[in-house]
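Following: one structure in structure tokens, then a few remarks.
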Amino acid sequence: PKHPLVGRLHPLAFATASMLTVLYYSLDHWNAQKAAGDRKWIAKGYTRLPLGNHVEHGHALPLALLDALCLPRAAASASDVLWINGGYGAAYFAVMVLLGKRLKGEWIYPVLDDLEKGFGPAGPYLLAAAIIAISLLLGLAD
């Protein structure tokens, strides 16, 4: 962890890992549309899908906290956090979410469909803005 790049990228790793667990369990895991999709895959024989969901998302927050509290590293500048965390969030939303919607015709996360129905086309953008803002705050707090 002595390489300067580790310190510059740690706020992104911390924010992303922290939010992975929180966002999954708050916005995706309990979503009715996602649950229906899971039931389809389970009926096709993918019986360990629920376990896979927890293995994929549940460990990230505890490991991010353990890493942040136990491993020394150089601190990132506020400018690094702004550009790296903000840039990653904007790029992820543009490529994975918006491009995915354009190519496939459906949102990658069912909650975005709910937001679009409830708030119109601005719904997914509002969530993205909130997530990017939280990522910046977590990165600055790291």
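Only the coordinates and a few stated rules stand behind these numbers; no lab work does. Since the model is a prediction, treat every value here as computed from it, not as a measurement. FYI the Cβ positions are ideal-geometry reconstructions off the backbone, even for glycines, and counts take in every protein chain you see.
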Problem set entry | Residue-by-residue Karplus 3J(HN,Hα) for the range 20-29, coefficients 6.51, -1.76, 1.60, Hz, glycine and proline x | 4, 5, 5, 5, 4, 6, 8, 10, 10, 4
Exercise. Top mean-square fluctuation among LEU23, LEU66, LEU82, Gaussian network model of the chain, C-alpha springs under 10 Å?
Worked result: LEU66
Exercise. In sequence order, what are the phi-derived ³J(HN,Hα) couplings for the range 116-127 according to the Karplus relation 6.51 cos²θ - 1.76 cosθ + 1.60 with θ = phi - 60°, rounded to whole Hz, with x for glycine and proline?
Worked result: 5, 5, x, 10, x, x, 6, x, x, 5, 5, 5
Exercise. Where Lys and Arg each count +1 and Asp and Glu each count -1, what net charge lies around THR47 among other residues with Cβ under 14 Å from its Cβ?
Worked result: +3
Problem set entry | Intensity falloff of the range 62-142 expressed as log10 I(q)/I(0), Debye formula with alpha-carbon point scatterers, at q = 0.14, 0.17 Å⁻¹ | -0.59, -0.77
Seminar exercise, completed: Candidates PRO124, PRO62, PRO72; GNM for the chain (alpha-carbon contacts under 10 Å) flags as most fluctuating PRO72
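Within a Cβ distance under 13 Å of LEU136, other residues only, what is the Lys/Arg minus Asp/Glu net charge? Spell out each step's value before the answer.
Values: positive: none; negative: ASP80, ASP142.
For residues surrounding LEU136, the net value is -2.
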Exercise. Which residues does a label at HIS3 reach in the range 77-116, if reach means a backbone N under 19 Å from a point 7 Å past the Cα toward the Cβ?
Worked result: 77, 80-81, 84-85
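Only Lys, Arg, Asp and Glu count, each charged at its Cβ (+1, +1, -1, -1), so figure out the dipole size of the chain about its Cα centre, rounded to 20 debye. Walk me through the numbers before you get to the answer.
Values: 12 positive and 10 negative charges, 74 e Å.
About 360 debye.
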Seminar exercise, completed: Note, the range 62-73: 3J(HN,Hα) by Karplus (6.51, -1.76, 1.60, θ = phi - 60°), whole Hz, Gly/Pro = x, goes x, 5, 5, 5, 4, 4, 5, 7, 10, 10, x, 7
Exercise. Taking amide hydrogens as modeled 1.01 Å from N in the peptide plane, which residues meet the under 5 Å criterion relative to ALA74, leaving out close sequence neighbours?
Worked result: GLY7
For this session: Compute the normalised compactness of the chain: alpha-carbon radius of gyration over 2.2 N^0.38 Å, N being the residue count.
Result: 1.17
